[in-house]
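Contents: one structure, followed by commentary.
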Amino acid sequence: MEEGDWYELQNFKITFASGQTRMTRNRFQINLSNYSFILKIQPLSYCNYYRFQTFNNIHRGLSHPKFCIDLYGALVGVGEIEEDEMENHIIQFSLINIESVFSTLK
């Protein structure tokens, strides 16, 4: 599957989203099985359906901690890998928003 392509799904189930980390804010998730069928199709519209968090919202802590986010920036510092009492791996890192760097260079 390629990002941005359109697909038709057959033989799948919609269930309540569960687990500690969810990929979207949606209450439901798509579950595929061995009987599921995925077919690439022509786009039905050319709208952009993505809804990304802004860098400032992430930086200010306004994004939900249990939803995955993609970060785009320049990595300027990486700490050591640590383990907490629940055996989760934690790594501290620092990013700068390269969009703001580019806007100041214009």
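A few comments on the model shown:
- Potential extension, SER94-TYR35 segment - 0.36 nm per residue separation minus Cα distance: 16.9 nm
- Note on ARG60 and GLN42: the model spin-label points, each 7 Å out from Cα along the C-beta direction, lie 4.4 nm apart.
- Near the amide H of LEU95, within less than 5 Å, lie the amide hydrogens of VAL76, all on another chain or at least 5 residues away, with H placed in the peptide plane.
Just so you know, all these numbers are worked out from the coordinates, no wet-lab data involved. Computed from a predicted structure; not experimentally measured. Note: ideal-geometry Cβ built from the backbone for every residue, glycine included; neighbour counts use all protein chains shown.
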